[in-house]
Amino acid sequence: MGLFSKDIKTMDDLFVHTLQDIYYAEKQIHKSLPKMIEKATDPQLKQGLEAHRGETQGHIERLEQVFRQHGAEVKAVNCPAIDGILEEADDLVGEVEDKQVTDAAIIAAAQAVEHYEITRYGTLAAWAKQLGREDCAALLQQNLDEEFAADSKLTKLAESGVNRKAA
Ligand SMILES: [Fe+2]
Ligand SMILES: [Fe+2]
């Protein structure tokens, strides 16, 4: 179903479609993280990615809860945006030979993923409120907060030396 498919008529349809989009994205992210974790050499980066993979599983479960609370079918729709981000990450990380440069590439790729998630959860939490679904908004906000925290940890890691070591 394309974004401007005739199946999307109301705000509620748009909300559910976007939930399906981020649900797909979270599952793809969860699948792709082990490869990044394996390639990462900085122990803090490795550990941070591992911890975020655990959080990502939690995001998937919270989304399932949102679907159920909203009375919608738990379903994923293809999200070409996250496929592109993950594909590019895979290419980039695979091409670099220097370990520290690899870490810098992983941080950059992981931040692109976090920013995608942040934009989706920001929108979804706002729409949930508009639709009078404070219960769904609260769950989406929890995911959003964890994405923000993951993103800022990556920034700190990059600034604290991973990028400098690579220079
Ligand atoms: Fe997530
Ligand atoms: Fe994330």
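Here are the numbers for the structure shown:
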quantity: Candidate lysines - alpha carbon under 29 Å from Lys99, same-chain residues fewer than 8 apart omitted; calculated: Lys27, Lys31, Lys35, Lys39, Lys46, Lys153, Lys156, Lys165
quantity: Gain upon complete extension [Ala108, Asp145; 0.36 nm per residue less C-alpha separation]; calculated: 11.4 nm
quantity: Whole-number percent relative contact order across the stretch 66-147, with pairs defined as alpha carbons under 8 Å at least 6 apart; calculated: 30 percent
quantity: Estimated inter-spin distance, Ser152 and Met11, nm [label 7 Å along Cα→Cβ]; calculated: 2.9 nm
quantity: Cβ-Cβ FRET estimate between Lys75 and Thr123, R0 fixed at 25 Å, reported to 0.05; calculated: 0.85
quantity: Check: the chain dipole with +1 on Lys, Arg Cβ and -1 on Asp, Glu Cβ, in debye; calculated: 220 debye
quantity: Difference of contour (0.36 nm per residue) and Cα-Cα distance, Ala138 to Glu87; calculated: 15.2 nm
quantity: Mean Cα-pair separation over length for the stretch 1-146, i.e. relative contact order, pairs under 8 Å, 6 or more apart, %; calculated: 30 percent
quantity: Inter-site label distance for Asp98 and Gln65 at 7 Å from Cα along Cβ, in nm; calculated: 4.4 nm
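Laboratory data are not the source of any read-out in this text; all were calculated from the coordinates shown. Model, not experiment: these values are computed from the prediction. Neighbour counts run over all protein chains shown; Cβ positions are idealised from the backbone, glycine included.
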